[in-house]
Amino acid sequence: MNINLAKQVALVTGASSGIGAGVARAMAAAGARVVINYPNEAAKESALSVLKDIHDGGGEGMICSCDVSKEDQVIHMFKEVVESYGTLDILVNNAGLQRDAPFHDMTLDQWQFVIDVNLTGQFLCAREAIREFLRRGIVPERSVACGKIIHMSSVHEMIPWAGHANYAASKGAIRMLMQTLAQEYGDRKIRVNSICPGAIQTPINKSAWETPQALNNLMNLIPYNRIGQPTDIGNLAVFLASDFSDYVTGASIFIDGGMTVFEGFATGG
Ligand code: BGC
């Protein structure tokens, strides 16, 4: 399978680090023009270094600052993308964060911040992307689909997660957002899917892999016995963005080394 995204324009939110950076690199390697979104000034340097890697590899891209939880900023970002590249073909709704706390100690700020970025951010970006897809219509030389949206969800759209109620609630909601959009826009040839990563080695879950002891404990949850890498997610995102997955829509695809098959039951139950 030789995937060529042939200059399709891919916007990856939260692409200055972690899974987003991996997805941005993979999209560029597959020939897409990549918009590397980053949230604020503090992340600009990292966004530029992702862009440099893309340029060094002969790819095309640009950086774009935007807090995805702010409607005016999202509208402005999409304007910038369309002005720069003419349209948008692929949205990877990736930006997300954790603010963990035992539920009885969770502040409204911790709850709201996670919901704002992880859920409202995906709503705002998906809405602007769909508006652009509908405006442009299908361009057969680019793709048989009118547009592709990939939501970055988590195994925690399915696995409850004590101490992370805000995060798990945001990911559970993304499942319904994704499926509803797939249902609502399927007849307009817009494909909408979710990637549900397990433990991927990025800054968001550093405490789960930074010591040998932590990594060892993590392996109790992963039958395949390795932590995931951003390239694992990048490869799946490229497939979902390509016409090779043209019959895939409304799907949550778990990519987790088997985390969702509940390893504890291998010897118990
Ligand atoms: C979380 C990570 C966690 C993983 C598996 C992800 O969605 O962001 O912190 O390691 O799920 O539990």
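The values are calculated or read from the model by the stated rules, or taken from the named source; none is laboratory data. As the structure is a prediction and not an experimental result, all values here were calculated from the model. Glycine gets a Cβ as well: all are built from the backbone with ideal geometry, and neighbour counts include every protein chain shown. Just so you know, the surface numbers come from the protein's heavy atoms only, side chains and all, with ligands and any DNA or RNA stripped out. Shrake-Rupley method; radii C 1.70, N 1.55, O 1.52, S 1.80 Å.
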Checklist entry - Among the residues of the range 26-61 satisfying the criterion of being among the hydrophobic types (A, V, I, L, M, F, W, C) and farther than 15 Å from Val92 by Cα, which is surrounded by the fewest Cβ atoms within 10 Å (Cβ to Cβ)? => result Ala42
Item to check | Close pairs (6 angstrom Cβ cut-off, 6 or more residues apart or separate chains): assigned to a loop (DSSP other than H, G, I, E, B) in the range 25-52, surrounded by fewer than 20 Cβ atoms within 10 Å (Cβ to Cβ) and among the hydrophobic types (A, V, I, L, M, F, W, C) anywhere | outcome: Ala30/Ile3; Gly31/Ala6
Checklist entry - Are any residues in the range 177-192 part of a helix (DSSP H, G or I) and touching a Lys or Arg at 6+ places or on another chain (Cβ under 9 Å), and if so, which ones? => result Ala182, Tyr185
Checklist outcome for this item: Output for Cβ contacts, cut-off 7 Å, separation at least six or different chains, first residue farther than 24 Å from Ala26 by Cα in the range 204-232, second open to solvent by 90 Å² or more (accessible area, probe 1.4 Å) and away from the ligand (no atom under 11 Å from the Cβ), reads Met219/Asn225; Pro223/Val261
Next on the checklist: in a loop (DSSP other than H, G, I, E, B) and open to solvent by less than 30 Å² (accessible area, probe 1.4 Å): which single residue out of Ile174, Ile195, Ile222 fits that description?
Outcome noted: Ile222
Item to check | Boolean, Ile200 is aliphatic (A, V, I, L, M), out of contact with any Ser or Thr (no Cβ under 6 Å at 6 or more places or on another chain) and away from the ligand (no atom under 12 Å from the Cβ) | outcome: no
Checklist entry - If we scan the range 179-187, do we find a residue that is open to solvent by 30 Å² or more (accessible area, probe 1.4 Å), of a type outside the set (A, V, I, L, M, F, W, C), more than 15 Å from the ligand (Cβ to nearest atom) and within 27 Å of Gly257 (Cα to Cα)? => result yes
